[in-house]
Amino acid sequence: MTQSAPVRSKKWLWISLVAIFVGVGALVLVFSSRFGVDPRLVNSPLIGEPVPPLALQVLEQGELPGVQTGDGVFEDALADLRGDVLIINFWASWCFPCRGEHPALTSVAQDYADRGVSLVGVIYQDEPEDAAGFLDELGWGGDNYRYVLDPKSRGAVEYGVFGVPETYFVDSAGIIVGKIQGAVTSSAVRSVLEQILAGESPAI
């Protein structure tokens, strides 16, 4: 005997509700398992390799220049930072975790300014006005924290970025020695920096 249309509809409704419930439960389990857990260094093909250049337009505080995207227009934003330990953070104003980690990064920039540490924020797929508004609200980070625009993801492709935020650590010899995927914490960044400054391979 075949089922009537109302019976079949109710059956599929229950199946759909169960599938949604299971999916939501899985997401809650994943996120709750990471809640409150410090970030960890992750593997990357770039570990042990020279840091790729970032020939991108610098975003200056108080200035909103027209975005130029042509190849060869800009000099490497890292060129004058050779010899510094670098933190390269890919972020965007529309990224909620980026908002959460920003105070930690600006605090690190301030505290390590006299220790040869510089930070570079790569603004990923974002509008200059939105990025500047984000920084006006939360802080620009000081003289050793610069920002570059990556509207076409050229820098992100070079670094193999999957999403934001992602953070790379570079030693004073210009070699990438660590990567954190996801939002960083102040304690995690400081732990990595102290190891790099001591000439050790970072591990957290």
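Work out from phi, with θ = phi - 60° and the Karplus expression 6.51 cos²θ - 1.76 cosθ + 1.60, the ³J(HN,Hα) of each residue of the stretch 108-121, listed in order in whole Hz, and give x for Gly and Pro.
5, 4, 5, 6, 10, 4, 9, 10, x, 10, 10, 10, 10, x
How long is the gain from residue 172 to residue 143 if the chain were fully straight, where each residue apart is worth 0.36 nm and the alpha carbon distance is subtracted?
8.6 nm
Tell me which residues come under 5 Å, amide H to amide H, from residue 126 once H is placed; ignore anything under 5 positions away on its chain.
Answer set, sorted by chain and number: 150.
Hey, rough spin-label estimate for residue 64 and residue 114, points 7 angstrom out along Cα→Cβ, what's it come to in nanometres?
Placing both labels 7 Å along Cα→Cβ, they lie 3.7 nm apart.
Hey, can you grab everything whose amide H is under 5 Å from the amide H of residue 147? Only 5+ residues off in sequence or another chain; H modelled, so Pro and N-termini drop out.
When sequence neighbours closer than 5 places are left aside, the close amide H contacts are 59, 121.
Of 134, 74, how do they rank once you tally other Cβ atoms within 10 Å and put the fewest first?
Sorted ascending by nearby Cβ count, the order is 74, 134.
Just to check I understand the Karplus step: with θ = phi - 60° and J = 6.51 cos²θ - 1.76 cosθ + 1.60, what whole-Hz values come out for the stretch 81-96, glycine and proline as x?
With coefficients 6.51, -1.76 and 1.60, one gets 9, 4, x, 8, 7, 10, 10, 10, 10, 8, 8, 8, 5, 7, 8, 4 Hz.
In percent, how large is the relative contact order of the stretch 57-197, given Cα pairs closer than 8 Å and 6 or more residues apart?
The value is 33 percent.
With the dipole of the stretch 57-197 worked out from charges on the C-beta (+1 for Lys and Arg, -1 for Asp and Glu) around the Cα centre, which of 97, 62, 196 lies farthest toward the positive end?
196
Based on the Kirkwood radius over alpha-carbon pairs, what value in µm²/s does the Stokes-Einstein equation return for the translational diffusion coefficient of the stretch 57-197 at 4 °C and 1.567 mPa s?
Estimated diffusion coefficient is 86 µm²/s.
Order of 119-131, 95-107, 169-181 by packing, highest average Cβ count within 10 Å first?
Result, highest mean first: 119-131, 169-181, 95-107.
Each reported figure results from applying straightforward, stated rules to the coordinates on display, with no laboratory input. These figures come from a predicted structure and were not determined experimentally. Don't worry about glycine lacking a Cβ; one is built from the backbone with ideal geometry, like all the others, and counts go over all protein chains shown.
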